[in-house]
Amino acid sequence: MPGVIALQGGDPFVANDDLDRQLLDGIDRVVMLPTADAFEQPADLVETARVWGDRIGVEVEPLMVITRPDAGDDAAAVIDGAAAVFLAGDSAIHLRSAIKNTPVFAAIERLLERGGTLIATGPSASALCDPMTDRRGGAFTIGLGLISGVALMTEIDGWSPGQLTRARELANTPLVELPTGSAIVRRDGSWETVGDAVVHGDLPT
């Protein structure tokens, strides 16, 4: 996929402004999905995104894909008209269940195929990978598989020592530890690290 993928450690729309400005240089509109915050306060996350957009100079278009029925052709058409998509929210498992094998997920794949930009933060970034980290126990499960052969541990500054140790011991693929404010970014076919990202093993090409 020729597009740009940025997987950030956490604190969406707050902790990554410099990187976000760089990633969105020349892009004036971002489609934002608060899907992974379905059981929290997605409207609050949208408002935080709007403030962020005003701050860095992009228009934020919320796409309220909250449940699986929302992830149909109409929502996919919005993504098909976008140059950048931002995924945020705290439930990797809900994001996976809501968009896996849906028109919205296919549209995200097409976004990257045509050279667009995908940014995901915290658990939403973890969900894009396969395997996916389940922070509740530090174990791994099936993810969305947009990026295969690597797992992310995001927001590790909030993990207990036991969770960190368990995840490291259970990992059978390359593993990336992403504290808040860090990221890994793939563009032009290669990966780069931002901030205090720690990569164990080789990232997939």
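The values are calculated or read from the model by the stated rules, or taken from the named source; none is laboratory data. These numbers come from a predicted model, not from an experiment. Positions of Cβ are generated from backbone atoms using ideal geometry, with glycine treated the same way; all protein chains shown enter the neighbour counts. To get the accessible areas, we keep the full protein, side chains included, count just its heavy atoms, and leave off ligands, DNA and RNA. Shrake-Rupley method; radii C 1.70, N 1.55, O 1.52, S 1.80 Å.
Tabulated data for the structure shown
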{"item": "Test set (1) open to solvent by less than 10 Å² (accessible area, probe 1.4 Å); (2) modelled with pLDDT of 95 or more - Leu19 fails condition number", "result": "(1)"}
{"item": "Residue tally, condition in a strand (DSSP E or B) and β-branched (Val, Ile, Thr), over segment 12-53", "result": "2"}
{"item": "Every residue from segment 22-53 that is open to solvent by 20 Å² or more (accessible area, probe 1.4 Å), within 20 Å of Asp80 (Cα to Cα) and in contact (Cβ under 8 Å) with a residue 12 or more places away in the chain", "result": "Ile27, Asp28, Arg29"}
{"item": "Residue in segment 138-147 that is over 14 Å from the mean Cα position of the chain (by Cα), modelled with pLDDT under 90, surrounded by 15 or more Cβ atoms within 10 Å (Cβ to Cβ) and not in a strand (DSSP E or B) present", "result": "yes"}
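The rows are residues; the columns are (1) open to solvent by 10 Å² or more (accessible area, probe 1.4 Å); (2) modelled with pLDDT of 95 or more; (3) in a strand (DSSP E or B); (4) out of contact with any strand residue (DSSP E or B) (no Cβ under 8 Å at 6 or more places or on another chain).
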position	(1), (2), (3), (4)
Arg55	yes, yes, no, yes
Ala82	no, yes, no, no
Val85	no, yes, yes, no
Ala125	no, yes, no, no
